[in-house]
Amino acid sequence: MTMTQLQDISRKKSAELFEQAKNYFPGGVNSPVRAFKSVYGTPLFIERGDKSRIWDADGNEFIDYCCSWGPLILGHNHDKVREAVAQQLDKGLSFGAPTRLENELAELILTNNQYIEKIRFVSSGTEAVMSAIRLARGATKRDKIVKFDGCYHGHSDSLLVKAGSGLVTFGETSSAGVPKAFADETIVIALNDKQALEEVFSTFPDQIAAIIIEGIPANNGLLIQDQDYIHFLRQITQEHGTLLIFDEVITGFRLGFEGAARYYDIQPDIITYGKIIGGGMPVGAYGASKELMAQISPDGGVYQAGTLSGNPVAMSAGIAALRILAEPDFYTKQEEKTRSFVDAIRAYIDLKNYAVQIFTVGSIFWFAFTDQKTIKRADEIDPLSMEKYKVMHRSLLNQGIYFGPSGYEVGFISSAHTQDDLNQTIEAIKIALDSVYA
Ligand code: PLP
């Protein structure tokens, strides 16, 4: 066996659990990407995680770069987060009444974030975005929204819409069950295209409530936008009385405590959060100026509620996690670690002359199998890249490295990843890349 023809790890127990799960859940999973449809083999059923590592039902150990799709910036089972959750468990799981913990998490966020003045906690990123859209529509008394091809904002009806044909057209639903009437209110345009933005406003004057963009689009590759374009987006929305929503479910507390708003030095009108904000527990949030947030019920006429919103166990996890993130130099260290990791792999790619790019920002990275040095729009991604990713993914799993099960997904580095973990991963990636080009 050569180094590139690695033996597949045993997935016997995971495969059995997956067969069982298919009797219970559509496709055997509770969220589609987990089904491993875009990579080889059956999904791994995870038993436990600690620091940078996870273990599956067959006892295989992996260094984890999926990090629960982003929330685990401190790694698995962080002692401070676990202690905070355990303390709350003694006091009760849920009251459906206000708690001191909600105030504490809000204060921690608002005193360290100059871009929002008030916040509302919800239970997922989808809910945060859905509520932000309703707020924008309520505040502007307009119905249409604009989203970008290649940005994901959760699974609410208004946002499961893909681009139609033409530069600026009504979108088409991207899921069965979304009424056409919803898609007619959502316009989808390409990223990094100022002309498309201008055309949106000339085609639909005074009709657009909000434009929503991911802080840095990171759900369909990593499509890092230019500062100049984002500032243009801010300017043109302002000129037309349209609100700018930054969906920071991934970038919030990841690029820095103040996320992409700080990164681009932009004041969005509404910001949505999720993932990291709950320290691994289900929390989402949206925030804006005092004036805008005054429109939310019970103060204002925009209704939004939640039985488990501000759940005390989830708040405790969020407080413990965010306290650590607010410490000086936390983000600088993550960035330095990520930069040296990526540089080491790039050096090997250059040495071997492979057509591979690694796009990176903060502690996020994304592999694209292409010669293109920049990718800023979804339609610039070569679908053939995904076939190569599948080969890399398989090789990495066989070497104990867990990347997200799709080539469109980004990887995350946590504070729990040690230099030894990263060195081990760099060596595994070299072998995996060789297997792609063998
Ligand atoms: N917005 C963005 C940018 C996301 O990445 C996601 C999820 O990946 C969502 C919204 C939806 O969040 P959730 O899966 O918590 O509903």
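At-a-glance table
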item: Reach of Lys430 by Cα under 13 Å, taken over aspartates and glutamates that are not fewer than 8 positions away in the same chain; result: Asp343, Asp350
item: Largest-first ellipsoid semi-axes for the stretch 20-158, taking √(5λ) over the Cα gyration tensor eigenvalues, angstrom; result: 31, 25, 15
item: For the chain, built as a Gaussian network whose Cα springs stay under 10 Å, the top-fluctuating residue of Ile349, Ile211, Ile364; result: Ile349
item: In degrees, nearest ten, helix 312-325 long axis to first principal axis of the chain (Cα); result: 70
item: Near-label residues of the stretch 312-337 by backbone N, under 12 Å of a point 7 Å along Cα→Cβ of Asn77; result: none
item: Cα-based helix-to-principal-axis angle, 12-22 vs the chain, degrees rounded to 10; result: 30
item: Highest-fluctuation residue, Gly287, Gly92, Gly75 considered, GNM on the chain with Cα pairs under 10 Å; result: Gly92
item: Gyration tensor (alpha-carbon) shape descriptor, the stretch 274-425, a/c threshold 1.5; result: prolate
item: Tyr402, Tyr229 arranged by Cβ crowding within 10 Å, fewest neighbours leading; result: Tyr229, Tyr402
item: All-pairs Cα distance distribution in the stretch 173-326, expressed in whole percent, bin size 5 Å; result: 2, 8, 15, 18, 19, 18, 12, 6, 2, 0
item: Degrees separating the helix 227-239 axis from the principal Cα axis of the chain, which is the longest one; result: 20
item: Listed pairs Lys180/Lys376; Lys144/Lys180; Lys162/Lys376; Lys147/Lys180; Lys80/Lys275; Lys162/Lys373 exceeding 20 Å between Cα atoms; result: Lys180/Lys376; Lys162/Lys373
item: Listed residues Gly411, Gly49, Gly252, most fluctuating in the chain (Gaussian network, C-alpha, under 10 Å); result: Gly49
item: Per residue, the convex hull volume that the Cα atoms of the stretch 82-169 enclose (Å³); result: 167
item: Beta bridge orientation in the chain: antiparallel %, DSSP, nearest 5; result: 60
item: Whole-angstrom gap from the stretch 73-111 to the stretch 233-263, using each part's C-alpha centre; result: 26
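Read the figures in this text as sums done on the coordinates, not as results from a lab. Since we're looking at a predicted model, the values are computed, not measured. Every residue, glycine as well, gets a Cβ built from its backbone with ideal geometry; the counts of neighbours run over all protein chains shown.
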